[in-house]
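Derivation of every value follows stated rules applied to the coordinates shown; laboratory data play no part. This structure is a prediction, so every number in the text was calculated from the model and none was measured. Using ideal geometry, Cβ is built from the backbone for each residue, glycine included, and neighbour counts are taken over all protein chains shown.
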Amino acid sequence: MKIAEVIFQGAHSLAQSKTPTLDCELLLAFALGKPRSYLYAWPDHAVDAKSQEIFQQLLNRRKQGEPIAYILGEKEFWSLTFKVTPDTLIPRPETECLVEQVLEHLSQEVPIQVADIGTGSGAIAISLAKERPHWQIHATDISAKALAIARSNAENLGIKNIQFHLGSFCEPLPHGHFSALISNPPYVADDDEDLEASCRDYEPKNALISPENGLQHIRILCEQAPNYLNNNGLLVLEHGSYQARQVAELMQQWGFKDIESYLDCAGLARVCLSHKPG
Ligand code: SAM
Ligand code: GLN
């Protein structure tokens with residue numbers, strides 16, 4: 001079969017995906033060991049039997065609902081390629097909005113210390129490290145396996161200004177040193193019916209689900225952050241699209257000031273940012 005036919009037929013059989021053609025292009029490019037642009041350049045080339053068989057196996061995994069990023073073992077975030085495994089959350093485009101806000105709110109010039117709590121694949125810490133090579137970044141995670149992936153992503157991307165720490169919340173960090181604490185913590189309630197099946201079935205539960213109706217991790221971060229932030233330091237948290245008001249209340253309760261809320265690329269309230277009083 002020709003490249004264009006393999007994609008067409010594959011996409012036709014992938015009814016449950018929202019992006020069947022894109023999925024098939026990514027899987028076929030992977031099976032062929034070529035970039036996606038090759039498929040557009042040579043739609044009439046015949047796909048050899050071995051590549052076709054590999055494609056079919058990958059397609060079957062996708063049909064079961066496995067996320068494309070786990071099948072390919074990578075995901076693009078902030079125009080960088082991150083290795084991902086079932087031990088790491090797949091970085092989301094909405095988290096790029098959090099990175100943008102951090103960059104906008106902190107001085108470009110001064111060398112500062114910032115921390116990313118629950119770094120997963122390292123998406124936030126590594127994107128910030130790439131943009132601000134003179135910042136000293138600390139990244140933590142409670143999962144040793146996720147932290148190993150984050151370390152290897154930093155190494156593959158040539159990042160030198162991140163220190164990684166295994167442990168819960170801010171606990172592995174030195175007190176009182178940070179200009180910003182940043183986190184995309186687990187914030188999904190266990191009974192949230194909006195959580196897509198492919199996330200619930202394939203992504204690590206400890207990366208997604210938080211007790212107290214999705215807010216326990218955010219509450220603990222608000223509680224711990226004042227001990228780790230400099231005066232005037234920033235607390236920047238990603239949250240669920242219905243949680244903005246509750247997150248702002250928690251920040252206020254723990255003494256934070258000048259609370260601002262930012263929308264993600266889909267227009268949903270997604271990031272709360274506030275200051276420790278100076
Ligand atoms: N920062 C990554 C991103 O934005 O793609 C991953 C975010 S994921 C939603 C949350 C991460 O927090 C997971 O990697 C999980 O292992 C970690 N985590 C969960 N509970 C934690 C805790 N108590 N302390 C530190 N990290 C925790
Ligand atoms: N944005 C993810 C989702 O709803 C949740 C990630 C998180 O809990 N931080 O699929």
Using only the Cα atoms, what convex hull volume per residue in Å³ does the chain have? 128
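Report the antiparallel proportion of the DSSP beta bridges in the chain as a percent, rounded to a multiple of 5.
Antiparallel: roughly 45 percent of the beta bridges in the chain.
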P(r) histogram, all alpha-carbon pairs of the stretch 147-233 included - 5 Å bins from 0, percent: 3, 12, 17, 18, 18, 17, 10, 4, 0
J(HN,Hα) series, the stretch 54-67, from Karplus relation 6.51 cos²θ - 1.76 cosθ + 1.60, nearest Hz, glycine and proline x: 4, 4, 4, 5, 5, 4, 4, 4, 4, 5, 6, x, 5, x
Out of Cys199, Gln56, Leu268, whose Cα points farthest toward the positive end of the dipole of the chain (charges: +1 Lys, Arg; -1 Asp, Glu; placed on Cβ)? Gln56
Kindly express, to the nearest 10 degrees and within the range 0 to 90, the angle between helix 216-228's C-alpha long axis and the longest C-alpha principal axis of the chain. 50
Cα-based Rg (one decimal) and Dmax (whole number) for the stretch 1-142, in Å? 18.8, 58
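Using the Cα centre of the stretch 115-261 as the reference point, and only Cβ charges (+1 on K/R, -1 on D/E), how large is the resulting charge dipole? Debye, rounded to the nearest 20.
On the way: 10 positive and 19 negative charges, 149 e Å.
Magnitude of the dipole: close to 720 debye.
About the Cα centre, and with charges only on the beta carbon of Lys, Arg (+1) and Asp, Glu (-1), how big is the dipole of the chain? Nearest 20 debye, please. Before the final figure, lay out each step's value.
Values: 23 positive and 35 negative charges, 126 e Å.
The dipole magnitude comes to about 600 debye.
Using only alpha carbon positions, build the gyration tensor of the stretch 128-278, then give the equivalent ellipsoid semi-axes as the square roots of 5 times its eigenvalues, largest first, whole angstrom. It would help to have the intermediate numbers written out before the result.
Details: eigenvalues 109, 96, 42 Å².
Working through the eigenvalues yields semi-axes of 23, 22, 15 Å.
Would you please report the Å³ per residue occupied by the convex hull of the alpha carbon atoms in the stretch 194-278? Let's see the in-between values first.
Values: hull volume 8.7 nm³, N = 85.
So the per-residue Cα hull volume is 103 Å³.
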Whole-Hz Karplus couplings 3J(HN,Hα) for the stretch 268-278, θ = phi - 60° and coefficients 6.51, -1.76, 1.60, Gly and Pro as x, run 9, 4, 9, 10, 10, 10, 8, 10, 6, x, x
Cleavage-rule hits, GluC sites (Glu not before Pro), the stretch 56-138, DSSP coil, Cβ neighbours within 10 Å at most 10: Glu109
Residue-by-residue Karplus 3J(HN,Hα) for the stretch 28-39, coefficients 6.51, -1.76, 1.60, Hz, glycine and proline x: 5, 4, 5, 5, 7, x, 10, x, 4, 4, 4, 5
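Roughly how big is the stretch 1-110's charge dipole about its Cα centre, with Cβ charges of +1 (Lys, Arg) and -1 (Asp, Glu), in debye to the nearest 20?
Working: 11 positive and 15 negative charges, 104 e Å.
With Lys and Arg at +1 and Asp and Glu at -1, about 500 debye.
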Among Pro277, Ile142, Pro185, pick out the residue whose Cα is farthest towards the positive end of the charge dipole of the chain, where Lys and Arg carry +1 and Asp and Glu carry -1 on C-beta, about the Cα centre. Ile142
